[in-house]
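**Q** Mind looking over this structure? Questions follow.
The values are calculated or read from the model by the stated rules, or taken from the named source; none is laboratory data. What you are looking at is a predicted structure, and each value in this text was computed from that prediction instead of being measured. Don't worry about glycine lacking a Cβ; one is built from the backbone with ideal geometry, like all the others, and counts go over all protein chains shown.
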Amino acid sequence: MSTSISHRGPVRYIYYRCRSDSGGKPRCPGVNVGAYWLEQIVASVLANVEDPGAELPIEMREQWVKLTERQRQKRLPETIQRVVYTHSTGEVTIEINPEAIAQFATNEAQTAD
């Protein structure tokens, strides 16, 4: 997906648009996802320290919520490997960079010392 912006008067709408036609695949018509909505889902998954059954290690999530907004913005691109949105089901799959998980674990061990 790639970002796109549309304007209606003074209001800007930022969204992600399907680019499945890259690599010769057929285009997926009408698949646009609001950027704010999708980014809030990713942020909530990273900050969810309440769910013991979550797939992300609790240590990583606990450290994520301690970061400032600026630190989160800086670390997000290296933390998220890929986000996949399946339009037909509305499912969002977030793939975390394994090196980022290791980095958070290292930081946790250093702060515990």
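**Q** Can you find a residue that is within 14 Å of the chain's Cα centre (by Cα) and loosely packed, with under 12 Cβ neighbours inside 10 Å anywhere in region 39-60?
**A** Looking through region 39-60, at least one residue is within 14 Å of the chain's Cα centre (by Cα) and loosely packed, with under 12 Cβ neighbours inside 10 Å.
**Q** I'd like the full set of residues that are among the aliphatic types (A, V, I, L, M) and either in a helix (DSSP H, G or I) or exposed (fewer than 14 other Cβ atoms within 10 Å of the Cβ) (or both), limited to region 61-86.
**A** Within region 61-86, Val65, Leu76, Val84 qualify.
**Q** Restricted to region 23-54, and to residues that are charged (D, E, K, R) and either in contact with a Pro (Cβ under 7 Å, 6 or more places away or on another chain) or at pLDDT below 85 (or both), which residue is farthest from Arg12 (Cα to Cα)?
**A** Step by step, filter region 23-54, then rank; the result is Lys25.
**Q** Pick from region 50-106 the residues that are touching a residue at least 12 places away in the same chain (Cβ under 8 Å) and among the hydroxyl-bearing types (Ser, Thr, Tyr): which of them is farthest from Ala35 (Cα to Cα)?
**A** Going through the qualifying residues, I end up with Thr79.
**Q** Filter region 1-22 for residues that are surrounded by fewer than 11 Cβ atoms within 10 Å (Cβ to Cβ) and closer than 23 Å to Ile94 by Cβ; which is modelled with the lowest pLDDT?
**A** Step by step, filter region 1-22, then rank; the result is Ser22.
**Q** Could I ask something else about it? List the residue pairs whose Cβ atoms are under 7 Å apart, where the first residue sits in region 11-27 and is under 19 Å from Trp37 (Cα atoms), the second is modelled with pLDDT of 70 or more and assigned to a loop (DSSP other than H, G, I, E, B), and the two are 6 or more positions apart or on different chains.
**A** Tyr16/Met1; Arg17/Met1; Cys18/Met1; Cys18/Cys28; Cys18/Val31; Arg19/Met1
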